[in-house]
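These notes concern the structure reproduced below.
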Amino acid sequence: MEIVVSKDGSNTIFSHEFDEFYHSPRGAVSESKYVYIQNGLEEYVKINNYSSISIFELGFGTGLNALLTWEYSIKHNLKVDFTSIEKFPLDLITNLKLNFSETNKDLFQKIINSDWNIKNNLDNNFTLTKCKSDINEYFTNEKSDIIFFDAFAKSKQDEIWSDEIINKVCQFLKPNGIFVTYASTTQLKKQLKSNNFSLIKKKGALGKREMTFAIKKEN
């Protein structure tokens, strides 16, 4: 593992094992804010105007999306129940070196130091459950409002983008829920449509042509 400074000044990590960055080297925080907060969380709140929502994330990674979501929940007084799954958690020392938030270092430390595999009540509005598990072995009866799909790219971790995994994750989402990811492939779009999703075309982050934003239809 190697900590790298991305072009917006925020850190990302380069994994030598996967030969891949955890975030865009063009801007780690900028990419996550654009894809998962601006075009995920904010869009869902605009559409549904709820005061309480649940999020399931595939790929906890560095904890950046959890941090940005918690910051949003504080700013907008939104209750969020955030569940994230990660097969290969980063070591604590490396994770705490990341510079994602100069103003909210305490929030990031609480996220990283929170216990795995239990629900952590981090404040009155934000609960976090970090699950150390393989998605193939994970199951839940709970349904979420939003799915953050944030695995490594298909070229580096093809099995995570398989039809079987996409089908499984789609079952974790409520009707009218949102599936959002930085990637956009023909196969992914096809699988989402087969799972009764409507796809809305959105421009990708930081020069990428397109990202994926899909809404699960009512049955």
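Considering only protein heavy atoms and a probe of 1.4 Å, how much of the accessible area of the chain is carbon and sulfur, as a whole percent?
Working: 4980 of 10560 Å².
Carbon plus sulfur share of accessible area: 47 percent.
A straight line joining the Cα centroids of region 149-219 and region 23-74 runs 15 Å. Here the chain carries DSSP beta bridges of which approximately 40% are antiparallel, counting only pairs with both residues inside. Taking the Cα of Leu206, stepping 7 Å toward and past its beta carbon, and measuring to each backbone N in region 1-31: which are under 15 Å? Hits in region 1-31 for Leu206 at 15 Å: 3-15, 20-31. Taking a sphere under 9 Å around the Cβ of Ser198 and counting the other residues whose Cβ falls inside, with K and R at +1 and D and E at -1, yields a net charge of +3. The mean accessible area for residues of region 65-176, using a 1.4 Å probe and ignoring ligands and nucleic acids, is 50 Å² per residue. Solvent-accessible surface (1.4 Å probe) assigned to His23 amounts to roughly 20 Å². The residues packed around Ser6, meaning those with a beta-carbon under 12 Å from its beta-carbon, carry a net charge of 0 if Lys and Arg are +1 and Asp and Glu are -1.
Rounded if a/c is under 1.5, else prolate if a/b beats b/c, else oblate: with a ≥ b ≥ c from the C-alpha gyration tensor eigenvalues square-rooted, which is region 1-98? Judged from the Cα gyration tensor, region 1-98 comes out prolate (a/c at least 1.5, a/b above b/c). Pairs from the table (Lys46/Lys105; Lys97/Lys217; Lys105/Lys201) lying more than 31 angstrom apart at Cα are Lys97/Lys217; Lys105/Lys201.
For Asp106, the accessible surface of its heavy atoms amounts to roughly 80 Å² (probe 1.4 Å, protein chains only, rounded to the nearest 10). Per residue, the chain reaches -7000 deg cm²/dmol at 222 nm when only DSSP H runs of four or more residues are counted, each adding -39500 (n - 2.57).
Note on Asp158: accessible area approximately 80 square angstrom, rounded to 10, probe 1.4 Å, nucleic acids and ligands left out.
The values are calculated or read from the model by the stated rules, or taken from the named source; none is laboratory data. Please read all numbers here as calculations on a predicted model, not as lab measurements. Cβ atoms come from the backbone with ideal geometry, glycine included; neighbour counts cover every protein chain shown. Ligands, DNA and RNA are stripped out before the accessible areas are found, and what is left, the full protein with its side chains, is counted by its heavy atoms. Shrake-Rupley method; radii C 1.70, N 1.55, O 1.52, S 1.80 Å.
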